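Read through the structure below, which is laid out as structure tokens, and then see the notes.
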């Protein structure tokens, strides 16, 4: 049976701050082959949700370098998965800076009209939004210090999960031990070849 639960924003932020300036070795690092920003954002989202979506091509999952979805590492694929997901895993909608919360995501757009960078919101004050990121590593950096043509906010609404397979992934991921095994279903067997950024 599919149920919904809250996204644990505080855990996502705690993880983001720990790994903003270092890398969790249980995940491949995509520096030099497109960047690590969305891989990092996906890790933060996973820590706050503890549910992957193993739907081939259109899901959101990471098992290894060659067994991951495009949405795990690609800026636009990440946005599309979160804002259209109707199945298990985290889901959300396009938001604004005015309704953003910690644990949400900001994606920056360049002057060529390309969204190229994913940031994790870690603090919001009346004057400023602070973010963490990989690739041009940032720990609680003011969003206003970035130069960009436009931005979009991904506001996480919640998490859908199969009630038969509930896990708490925070401690293993935070302590840099392997991700708990996926639920007893057949994960994708064909490696995807997504772009990474």
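Which angle from 0 to 90°, rounded to the nearest 10, does the C-alpha axis of helix 75-84 make with the longest principal axis of the chain?
60 degrees
On a full-extension model of 0.36 nm per residue, what is the gain between residue 151 and residue 164, subtracting their alpha-carbon distance, rounded to one decimal in nm?
On the way: separation 13, 0.36 × 13 = 4.68 nm, distance 3.80 nm.
Computed gain between residue 151 and residue 164 is 0.9 nm.
When the chain is treated as a GNM, springs tying every alpha-carbon pair under 10 Å, which of 43, 166, 93 comes out with the largest mean-square fluctuation?
Of the options given, 166 has the highest mean-square fluctuation.
Per DSSP H run of at least 4 residues, take -39500 (n - 2.57); add these up for the chain, divide by its residues and hand me the 222 nm value, nearest 500 deg cm²/dmol. The partial results should precede the final answer.
Values: 5 runs with 43 residues, N = 197.
Calculated from helices alone, the mean residue ellipticity at 222 nm is -6000 deg cm²/dmol.
Order these peptides, 51-57, 118-124, by their mean beta-carbon neighbour count within 10 angstrom, highest first. Numbers along the way, then the final one.
On the way: 51-57: 18.1, 118-124: 23.4.
In decreasing order of mean packing, 51-57, 118-124 become 118-124, 51-57.
What's the angle, to the nearest 10 degrees (0 to 90), between helix 37-49's Cα axis and the longest principal axis of the chain?
60 degrees
Report the residue, chosen from 125, 29, 163, that carries the largest GNM mean-square fluctuation when the chain is represented by alpha-carbon nodes joined by springs under 10 Å.
The residue with the greatest mean-square fluctuation here is 125.
Please order 10, 135, 42 by the number of other Cβ within 10 Å, starting at the fewest.
Working: 10 10, 135 21, 42 26.
Placing the least packed residue first, the sequence is 10, 135, 42.
Rounding to the nearest 10 and keeping the result within 0 to 90°, find how far the Cα-based axis of helix 9-19 lies from the longest principal axis of the chain.
80 degrees
Each value in this text was obtained by applying a stated rule to the coordinates, not by laboratory testing. What you see is a predicted model; the values in this text were computed from it and never measured. Neighbour counts are summed over all protein chains in view; Cβ atoms, including those assigned to glycine, are modelled from backbone coordinates with ideal geometry.
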